[in-house]
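In what follows, a structure is listed as structure tokens, so that the remarks can point back to it.
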There are 2 protein chains.
Amino acid sequence: MNLKTEDYRVKAGKAVSLKSWKTDEKGSMDKEVGKVTATLLADELAEWQERLYAENKQALLIVLQARDAGGKDGTVKHVIGAFNPNGVRISNFKVPSEEELAHDFLWRIHTQTPRKGMVAVFNRSHYEDVLVTRVHNLIDHQTAQQRLEHIRNFESLLTDSGTRVLKFYLHISKEEQEERLQDRLDHPDKLWKFNAGDLEERALWDEYTSAYQDALTTSTEAAPWYVIPADHKWFRNLLISQIILDTLKDMNPQFPETDLNPAEIKIK
Amino acid sequence: MNLKTEDYRVKAGKAVSLKSWKTDEKGSMDKEVGKVTATLLADELAEWQERLYAENKQALLIVLQARDAGGKDGTVKHVIGAFNPNGVRISNFKVPSEEELAHDFLWRIHTQTPRKGMVAVFNRSHYEDVLVTRVHNLIDHQTAQQRLEHIRNFESLLTDSGTRVLKFYLHISKEEQEERLQDRLDHPDKLWKFNAGDLEERALWDEYTSAYQDALTTSTEAAPWYVIPADHKWFRNLLISQIILDTLKDMNPQFPETDLNPAEIKIK
């Protein structure tokens, strides 16, 4: 397998037109091969996560953003599920509380950033504050641009302090979203995931595209965005696993040095 | 398979003498059969957890306590690892901070209790405040008894509010602890888990036994303690999985009712 993960990375300072990014790619790979490969990656991910946890010096923040039914929950289940739960914390950002709204928009986000040794996953994130708010005209263009600048500064605080930041936009087609929403309607045990509001958001497809394109401009070397072709769940999982694994290897966490001389220690 | 989980439950109002509880039991089962059974249970656990999450009305709190190398981390990895990470939050309670110490001992614990739909796992817990503190004479017997009463009241607040509480004491023998600590010394990639302080705690084996016996008196119908024979990791995982599964089935979470009529909804 030779996944060119760089191809899915948004280059710093470059504008993105999402139309030109594929949603249905499979990396010229067979589904069965892809699934076996993902299983192998899962074992490697767990090993590198253990090193990160043991080293206790660096941290990893994974941001997941997508349209409704875009696959955030599935990514958590299948990719993050490979990790030892002891070293992972998932944060689901829902509608802000009164107290959260009484602070700046990054206040509630900051409390959920990972401590050293940990992997934090944001299932939705601070980016909602330039997406859903912008699309519904709760903030204007200028405020959105100002917030994006605050986000850049905030993420740079994190990366300067030993936390790597990986941001994934799960890119699905409008047809694929229709299929997935219909699937929820067709299965009684999936109906609870269906939200009538999702159809209103779907009607704003192009507005979201535009807001996402703005959000993707925060991609930097240290806190990159990846646009993940997400129509095929197995390929989405494989590609994200590979990117996280490459990142962990690049962080290169080491089991900590110790002053102990094991040979001298006698357990009574 | 027919695991009599009731046998491992501490009866409410009954004093416990840990000597009479086995550490090396295998439930008259073969290791290979046990491992396959655990895999099957993992799938069932994931299904019931999804219902709990979807229902969004009840919660589950799992407390893990053990001596050093007793298997708390292994239980999280192998048992809790079966769950969808989206519905789980692990809390590792370490030495309290200055701010935490400036409050009552349950203050930091309360913030980590699960919201509806979630499973919370306490890897160490409020019980440390009647264990390590008591053994090192940081508190006297009377204070310990008073704290146990506060713990009973606190857990009853949780159970009255829709949170089930399951408490597991992972019961290992002194010989098994020696083997596991030695194993950490013998393997460079496990050495980071070895803490010289563990030997000081080991020297207080009997004092810990006595403190644990006191702690186990907080077992009630709604918030039971289980003493898990934990010398055999596979049996420990299997038994805990079975108890959690039985508890989830007893809670009987249901996919939520909806006012939607799926047939009437048209996705455009």
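Taking the label point 7 Å from Cα in the Cβ direction, how far apart in nm is A:SER97 from each other copy of itself, listed shortest first? Label-point distances to the other copies, shortest first: 1.7 nm. What separates the B:GLY197 label point from its copies, with the point 7 Å along Cα to Cβ, is 4.5 nm, written shortest first. The phi-based Karplus calculation (6.51 cos²θ - 1.76 cosθ + 1.60; θ = phi - 60°) puts the 3J(HN,Hα) values of segment B:124-135 at 6, 7, 4, 5, 4, 6, 10, 10, 4, 5, 6, 4 Hz, whole numbers, x for Gly and Pro. Counted over segment A:5-251, the DSSP beta bridges are approximately 5% antiparallel. Distance between the C-alpha centres of segment B:36-85 and segment A:169-244: 29 Å, rounded to the whole angstrom.
Between helix B:174-186 and chain B there is an angle of about 80 degrees, using the helix long axis and the longest principal axis of the Cα atoms.
Between B:HIS171 and B:ILE228, B:ALA230, the built amide H atoms are under 5 Å apart, and every one of these is 5 or more places off in sequence or on another chain. Close amide H partners of B:GLU25, meaning residues 5 or more places away or on another chain with modelled amide H under 5 Å apart, are B:ASP231. Using the Cβ of B:GLY27 as centre and a radius below 15 Å, the other residues enclosed give a net charge of 0, where K and R count +1 and D and E count -1. Grab the other residues whose beta carbon is less than 14 angstrom from that of B:ARG202, score K and R as +1, D and E as -1, and report the net. Within the 14 Å Cβ shell, the charges total -4.
Placing a label point 7 Å from the Cα of A:ASN137 along the Cα-to-Cβ direction, the distances to the matching points in the other copies come to 7.4 nm, shortest first. Think of the protein assembly as shown as having a plus end and a minus end, set by charges on the Cβ of Lys, Arg, Asp and Glu; of B:ASN237, A:ILE109, B:MET29, B:MET29 sits farthest toward the positive end of this dipole. Shape class of the protein assembly as shown from the Cα gyration tensor (axes a ≥ b ≥ c, square roots of the eigenvalues): prolate, since a/c reaches 1.5 or more and a/b is larger than b/c. Rounded to the nearest Hz, the phi-derived 3J(HN,Hα) couplings of segment A:105-118 under the Karplus curve 6.51 cos²θ - 1.76 cosθ + 1.60 (θ = phi - 60°) are 5, 9, 4, 6, 5, 4, 5, 9, 5, x, 7, 3, x, 9, where x marks glycine and proline. List the pairs from A:LYS57/B:LYS77; B:LYS22/B:LYS116; B:LYS14/B:LYS193; B:LYS35/B:LYS167; A:LYS116/B:LYS116 whose alpha-carbon separation is above 30 Å, in the order I gave them. Where the Cα-Cα span goes over 30 Å, the pairs concerned are B:LYS22/B:LYS116; B:LYS14/B:LYS193.
Across peptide B:70-83, how many C-beta atoms of other chains are within 10 Å of each residue C-beta, on average?
3
Relative to the longest principal axis of the Cα atoms of chain B, the long axis of helix B:233-251 makes an angle of roughly 40 degrees. P(r) tail, chain A: Cα-Cα pairs separated by more than 26 Å, 44% of all pairs. Scanning residues 5 or more positions from A:THR163 or on other chains, those with amide H under 5 Å from its amide H are A:ALA59, with H placed 1.01 Å from N in the peptide plane.
Here chain B is assigned +1 on the Cβ of each Lys and Arg and -1 on the Cβ of each Asp and Glu. Its dipole about the Cα centre then comes out at about 440 debye.
In chain B, helices alone account for a calculated mean residue ellipticity at 222 nm of -13000 deg cm²/dmol, with every DSSP H run of four or more residues adding -39,500 (n - 2.57).
One Cα centroid belongs to segment B:116-130, the other to segment A:114-163; the line between them spans 31 Å.
Per residue of B:182-192, other chain Cβ atoms within 10 Å of the residue Cβ number 4 on average.
Just so you know, all these numbers are worked out from the coordinates, no wet-lab data involved. For clarity, every value in this text was computed on a predicted model and none was experimentally measured. So basically every Cβ, Gly included, is an ideal-geometry build from the backbone, and we count neighbours across all protein chains shown.
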